[in-house]
Amino acid sequence: MIALIQRVLNASVTVAGETVGEIGAGLLVLLGVEKGDTEQKAQRLTERVLGYRIFGDENGKMNLNVQQAGGSVLVVSQFTLAADTQKGMRPGFSGGAEPVEAERLYHYFTACCQAHGIATETGRFAADMQVALVNDGPVTFWLQV
């Protein structure tokens, strides 16, 4: 399971002209689900994402996690993160989880975020989404479990 996390000042997801998820300051999480991913991996990735200290403290040092910084989380499914890009000029997607399992784990990951008391918004699974964000820093990290 892969999370590409970006510290944002704000972020939103639009589907067919309708905003379906929107946050102020916090984390935009692009989530990729791979074959063999489990609920245990989703829980572990949730802990890493929510615990990752990438927000500035009173001295401007990255010492605070999203909850300590008072931020929110916007989770967007992104199957392309599971792509094989090692050879050729076209990505391969055989490493991605089957859509039913990917959707289940996407919703499970989101529920885990909410269970930690974090204000959590989402995109719409398997939709053609437009994601808008203002990356703060820019600060972007790739986390994988």
Practice item. Enumerate the strands (runs of 3 or more DSSP E) found wholly within the stretch 1-72, keeping only those where 3 or more residues are closer than 18 Å to residue 116 by Cβ. Key: 2-15, 26-32
Practice item. Please list, ordered by first then second residue, the pairs with beta carbon atoms under 9 Å, 6 or more apart or interchain, first in the stretch 109-127 and farther than 17 Å from residue 5 by Cα, second among the acidic types (Asp, Glu) and at pLDDT 95 or above. Key: 116/47; 125/103; 126/103
**Study point:** Residues satisfying the stated conditions in the stretch 73-93, i.e. touching a residue at least 12 places away in the same chain (Cβ under 8 Å) and either small (Gly, Ala, Ser) or assigned to a strand (DSSP E or B) (or both)
**Key:** 73, 74, 75, 76, 77, 82, 83
Review point. Restricting the first residue to the stretch 16-39 and requiring it to be exposed (fewer than 13 other Cβ atoms within 10 Å of the Cβ), which pairs with a second residue that is assigned to a loop (DSSP other than H, G, I, E, B) and not charged (D, E, K, R) meet a Cβ separation below 7 Å and a spacing of at least six or different chains?
Key: 35/95; 35/97
Point to revise | Top-ranked residue of the stretch 27-78 - restricted to ones that are among the acidic types (Asp, Glu) and in contact with a strand residue (DSSP E or B) (Cβ under 8 Å, 6 or more places away or on another chain), ranked as nearest to residue 127 (Cα to Cα) | key: 34
Point to revise | Count - residues of the stretch 118-145 that are surrounded by fewer than 15 Cβ atoms within 10 Å (Cβ to Cβ) and in contact with a His (Cβ under 9 Å, 6 or more places away or on another chain) | key: 0
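The values are calculated or read from the model by the stated rules, or taken from the named source; none is laboratory data. Just so it is clear, the structure is predicted and the values come from calculations on it, not from any experiment. Neighbour counts run over all protein chains shown; Cβ positions are idealised from the backbone, glycine included.
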